[in-house]
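Data first, discussion second: the structure below is written as structure tokens.
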Amino acid sequence: MATRSTIMDTNSFRPEMAAALDPETRRLTEERDVLGPAYRLFYRTPVHLVKGEGAHVWDADGTEYLDVYNNVASVGHAHPRVVEAIARQASLLNTHTRYLHENILNYADDILSTMPDELNRIMFQCTGSEANDLAVRVAQAYTGGEGVIVTAEAYHGNSALTSKLSPALGTAQDLGLTMRMIPTPDTYRLVIDGKPASACTAEEFGGWMAAEVRKAVADMNRHGIKFAALLADSIFSSDGVYPDPVGYLQPIIDTVHELGGVWIADEVQPGFTRTGDAFWGFERQGIVPDLITSGKPMANGLPTSLMAARQEVLEPFAGSIPYFNTFGGNPVCMSAAQATLDVMRSEDTMGNAKRVGAVFKQAVTDLMPAHPCIGDVRGAGLYIGCEIVKPGTKDPDQAAALDILETLRAHHVLTSVCGRFGNILKLRPPLVFSEQDVDWFMSAFTDTLQELGL
């Protein structure tokens, strides 16, 4: 029997739950049959959202919710500057990149200015899946290899190529024959040479993970597969949010290069000021990738993604194979992306992520003595993982985590879970999340834990 997807199925509505729904919600869930069975809804009682502003959303009955999940509306739902930019450009022209237009060129220069100088070429797509798909093709053309390494609970997209590199989709999804997995960098549970991972230095932890990369490449070699790339995000978000210790990625990337591969930094989750320490997640680790991908947070909700590359890495692919994406880099999406970037600078979303994220993480951590179901709290900026366990152990408690989600929803707070056991609360709000929003969450979270006897 196939295991369910940790990122798609753990916190999801299922048809057998329909009997408990009010008539209108049940009608809408039944009408979704036209979409087929692959789509998923959050919660046992799905939420019908109709409006958003900042870190808050409203349902069809006018009930206000706190959004502690969405990195798509990165600068807040319906940000007026982004809305105005979209409307202005849509009223003029929207077409594709086979005509000249300033928007794509201006944004390309601007977003590249946020990256290390070594990354000097950029291409645009519509989704993170497309960006990762292209990045893998570029890496394979550059190295002449096929083999790609990912972590054990990674998610990198839903195209034919990237879904085979996404074990988080569950065992019903076939994985690539040229893909190899390395363990989740679980600093909460791992013991390395008799030492808890949480007590390891960056060099020790990175050395352990680099050794896992060597094992994976050795297995590729035994099967006649040439190594091409490590595809990973720098906080291992789908694996369960593991951003520390800072510096541990350096020996891993050094090993990747020594073995003839490149690093594709999937920045969909940690990029665009999310960690509060730098614009890009990889900068926090002090390393320069060979390829960078991003998507969700770029244009505050419009379908926009990117792949940036070192010129020499891109050339073998781009110098021989034409690439065209009908909607990638279109003038409206580029206008939205530019407005989003401008807001990030003018409203200092990086500073806000660092400041409010620290307050948020500490507030959750402070609950641990009174609520032993909280086994670990980790994160960077406004990306926090709260591990729910059976008290007195490190055993994951998915059932309790899901009960917490449902009770938080009853308190009008929306979030979800991640990690290989589906027991880690994923606290990833819009970058405009405020200390008042932290207060709302903490009040709801405290009440939830007390109500559940946790």
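Tell me the volume per residue, in Å³, of the convex hull enclosing the alpha carbons of region 208-336.
Values: hull volume 17.7 nm³, N = 129.
Dividing the Cα hull volume of region 208-336 by its residue count gives 137 Å³.
The share of alpha-carbon pairs in the chain lying farther apart than 28 Å comes to 51%. Simple rule: put +1 on each Lys or Arg Cβ and -1 on each Asp or Glu Cβ in the chain, find the dipole, and look at Asn158, Ser443, Leu249; the Cα lying farthest toward the positive end is Asn158. Among the listed pairs Lys164/Lys226; Lys354/Lys390; Lys296/Lys426, a Cα-Cα separation exceeding 21 Å is found for Lys354/Lys390.
Could you work out the helix-only [θ] at 222 nm for the chain, with each DSSP H run of four or more residues adding -39,500 (n - 2.57) and the total divided by the number of residues, to the nearest 500 deg cm²/dmol? One gets -10500 deg cm²/dmol as the mean residue ellipticity at 222 nm.
Annotation for His96 and Asp403: the two label points, set 7 Å from Cα along the Cα-Cβ direction, are 5.3 nm apart. Across region 369-378, computed HN-Hα scalar couplings (Karplus, 6.51 cos²θ - 1.76 cosθ + 1.60, θ = phi - 60°) run x, 7, 9, x, 5, 8, x, 7, 10, 9 Hz from first to last residue, x flagging Gly and Pro.
Can you tell me the order of 64-73, 294-303 when each peptide is scored by its average per-residue count of other Cβ atoms within 10 angstrom, highest first? Before the final figure, lay out the partial values.
Numbers: 64-73: 20.7, 294-303: 24.9.
Ranking the peptides 64-73, 294-303 by packing returns 294-303, 64-73.
Of all DSSP beta bridges confined to region 80-346, the antiparallel ones make up roughly 45%. Using the Cβ-Cβ distance between Arg355 and Asp109 with R0 set to 25 Å, the FRET efficiency from 1/(1 + (r/R0)^6) comes to roughly 0.25.
Near Ser305, the amide H atoms lying under 5 Å from its own belong to Gln125, Cys126, Thr127, Gly329; only residues 5 or more places off or on other chains count, and H is placed 1.01 Å from N. Projecting label points 7 angstrom from Cα along Cα→Cβ for Asp254 and Leu177 puts them 3.6 nm apart.
For region 150-242, the Kirkwood radius over C-alpha pairs fed into Stokes-Einstein at 25 °C and 0.890 mPa s yields D = 174 µm² per second. Taking the three principal axes of the alpha carbon atoms in region 80-346, the coordinate ranges are 63, 39, 38 Å, sorted in descending order.
Any read-out appearing in this document is the output of simple, stated calculations on the displayed coordinates, not a laboratory observation. The shown structure was predicted, so the numbers you read here are calculated from the model rather than taken from an experiment. Counting neighbours? That spans all protein chains shown, and the Cβs are built from the backbone with ideal geometry, glycine included.
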